[in-house]
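Accompanying notes for the structure given below.
The values are calculated or read from the model by the stated rules, or taken from the named source; none is laboratory data. Not measured: the values here are computed from a predicted model. Positions of Cβ are backbone-derived with ideal geometry, glycine not excepted, and every protein chain shown enters the neighbour counts.
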Amino acid sequence: MKHLLKMLDLSSEEIIDLLNLADQLKYERNHGIPHPHLAGKTLGMIFQKASTRTRVSFETGMTQLGGYPLFLSSNDLQIGRGEPVQDTARVLSRYLDGIMIRTFAQQEVEDLAKYGTIPIINGLTDFCHPCQVLADLMTIREYKGSFQGLKMCYIGDGNNMANSLIVGGLKVGMEVSVACPNDYQPDPVVLDFAKKNGGFSMTDSPVEAAVNADVIFTDVWASMGQEGEAEKRRIAFNGYQVNDEVLGAAHEECMVQHCLPAHRGEEITEKVFEAHANEIFDEAENRLHAQKAVLVKVLGNHE
């Protein structure tokens with residue numbers, strides 16, 4: 001595994017291998033067992049989108065692994081002033097051991113991998129969010145024991161989270177259902193993968209999608225960069241909310257997950273959020289452990 005660019009690139013075996021390593025690293029951290037797998041390594045972290053969880057979890061994770069995280073704001077880089085991404089990739093490859101980038105266009109991540117000579121990790125693009133979904137899968141397995149026989153449901157915008165959850169869920173063997181408004185469906189590339197894979201369904205009814213679900217996901221109606229569409233989206237997503245009615249269609253022990261930040265009263269009710277807060281914040285914590293597993297796999301010599 002040289003890069004983490006998108007969930008579509010990972011095999012089922014690679015996903016499970018990452019989750020197993022994440023579990024091990026979490027156990028070691030919680031029991032005070034040092035794991036300096038990346039001593040002497042430097043990770044450049046390029047942020048063209050602001051972040052709370054991504055920045056803190058990658059900085060902390062890299063430090064716990066014995067390496068050095070270097071925050072690189074797009075305001076401080078020549079890439080933010082028009083330098084071609086291929087030139088940035090070539091230069092940074094001579095200084096760093098790896099790059100994590102949080103940006104808008106998926107092509108920018110792909111180009112860094114194409115023109116650079118070091119591992120590239122996708123910290124988020126408009127197309128996908130693989131690090132978040134690895135943490136999501138880790139959390140599901142912690143609570144449910146395995147993926148076998150589980151149904152994952154996603155309700156809301158067919159955005160980067162929907163794209164990655166569909167791919168990740170299907171690759172580990174879960175059934176996946178999605179409820180999105182007709183004008184806000186997931187990426188056609190992802191839908192093509194899902195339809196070929198089987199075990200996938202899509203509807204415009206949240207309650208229908210939630211029937212017999214073991215875990216329900218949602219996300220904000222307007223993601224970063226879509227603030228100008230907030231009112232239009234508020235109208236389009238009216239009814240696409242995780243609430244008591246939706247949970248009533250799911251299994252009694254259904255989990256609720258949210259990648260955060262959450263807009264209580266929009267995509268999820270305050271009542272449901274607080275009832276499932278432990279699951280949601282375990283999910284947030286697992287960003288740290290899942291990303292450490294990715295870092296060890298791509299920057300270290302871990303088999």
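In the stretch 79-123, how many are among the aliphatic types (A, V, I, L, M) and touching a Pro at 6+ places or on another chain (Cβ under 9 Å)? Lay out the reasoning, then the answer.
Initial filter on the stretch 79-123 (among the aliphatic types (A, V, I, L, M)): 79, 85, 89, 91-92, 96, 99-101, 105, 109, 112-113, 118, 120-121.
Those left that are additionally touching a Pro at 6+ places or on another chain (Cβ under 9 Å): 99-100, 113, 121.
Residues in the stretch 79-123 being among the aliphatic types (A, V, I, L, M) and touching a Pro at 6+ places or on another chain (Cβ under 9 Å): 4 in total.
Taking the stated definitions as given, is Met100 part of a strand (DSSP E or B) and hydrophobic (A, V, I, L, M, F, W, C)?
Taking the combined requirement at face value, the residue satisfies it.
If the requirement is being free of Cβ contacts under 8 Å to residues at least 12 places away in the same chain, under 23 Å from the mean Cα position of the chain (by Cα) and under 24 Å from Asn163 (Cβ atoms), which of these qualifies: Gln107, Gln48?
Answer to the selection: Gln107.
Among the numbered criteria (1) surrounded by fewer than 19 Cβ atoms within 10 Å (Cβ to Cβ); (2) under 21 Å from Ala284 (Cβ atoms), which one does Thr42 miss?
Among (1) surrounded by fewer than 19 Cβ atoms within 10 Å (Cβ to Cβ); (2) under 21 Å from Ala284 (Cβ atoms), Thr42 violates only (2).
Considering only the stretch 41-55, how many residues are closer than 12 Å to Gly123 by Cβ and not in a loop (DSSP other than H, G, I, E, B)?
So the answer is 8.
How do the pairs read when you match residues in the stretch 200-223 that are without any contact (Cβ under 8 Å) to a residue 60 or more places away in the chain with residues anywhere that are of a type in the set (Ser, Thr, Tyr) and assigned to a loop (DSSP other than H, G, I, E, B), using Cβ under 8 Å and keeping only pairs 6 or more apart or on different chains?
What qualifies is Pro206/Tyr240.
Is it the case, given these coordinates, that Phe281 is among the hydrophobic types (A, V, I, L, M, F, W, C), surrounded by fewer than 16 Cβ atoms within 10 Å (Cβ to Cβ) and not in a strand (DSSP E or B)?
Spelling it out, Phe281 is indeed among the hydrophobic types (A, V, I, L, M, F, W, C), surrounded by fewer than 16 Cβ atoms within 10 Å (Cβ to Cβ) and not in a strand (DSSP E or B).
Please specify each residue of the stretch 58-90 satisfying the condition of being in a helix (DSSP H, G or I), surrounded by fewer than 16 Cβ atoms within 10 Å (Cβ to Cβ) and in contact with a Gly (Cβ under 9 Å, 6 or more places away or on another chain).
Those that are in a helix (DSSP H, G or I), surrounded by fewer than 16 Cβ atoms within 10 Å (Cβ to Cβ) and in contact with a Gly (Cβ under 9 Å, 6 or more places away or on another chain): Gln86, Arg90.
Check whether at least one residue in the stretch 114-128 is surrounded by fewer than 21 Cβ atoms within 10 Å (Cβ to Cβ) and touching an Asp or Glu at 6+ places or on another chain (Cβ under 6 Å), and report yes or no. Lay out the reasoning, then the answer.
Residues of the stretch 114-128 that are surrounded by fewer than 21 Cβ atoms within 10 Å (Cβ to Cβ), as a first pass: 114-115, 117, 126.
Filter again for touching an Asp or Glu at 6+ places or on another chain (Cβ under 6 Å), leaving none.
Checked the stretch 114-128: no residue is surrounded by fewer than 21 Cβ atoms within 10 Å (Cβ to Cβ) and touching an Asp or Glu at 6+ places or on another chain (Cβ under 6 Å).
Within the stretch 60-81, is even one residue farther than 25 Å from Pro188 by Cβ and within 17 Å of the chain's Cα centre (by Cα)?
Scanning the stretch 60-81 turns up at least one residue that is farther than 25 Å from Pro188 by Cβ and within 17 Å of the chain's Cα centre (by Cα).
I want to confirm something. Restricting to the stretch 144-161 and keeping residues that are under 16 Å from Ala250 (Cα atoms) and surrounded by fewer than 24 Cβ atoms within 10 Å (Cβ to Cβ), which single residue is farthest from the chain's Cα centre (by Cα)? Outline the logic, then answer.
First pass over the stretch 144-161, keeping only residues under 16 Å from Ala250 (Cα atoms): 144, 149-155.
From what is left, the residues that are surrounded by fewer than 24 Cβ atoms within 10 Å (Cβ to Cβ) are 144, 149-151.
Details: Lys144: 19, Gly149: 22, Leu150: 19, Lys151: 18 Å.
Per the stated criteria, the residue is Gly149.
One line per residue, one yes/no per condition, for (1) surrounded by fewer than 18 Cβ atoms within 10 Å (Cβ to Cβ); (2) outside the structural domain of Asp204 (by TED's automatic domain parsing); (3) not in a helix (DSSP H, G or I):
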| residue | (1), (2), (3) |
| --- | --- |
| Gly248 | yes, no, no |
| Glu253 | yes, no, yes |
| Gln257 | no, no, yes |
| Pro261 | yes, no, yes |
| Glu266 | no, no, yes |
| Lys271 | yes, no, no |
| Gln291 | no, yes, no |
| Leu295 | no, yes, no |
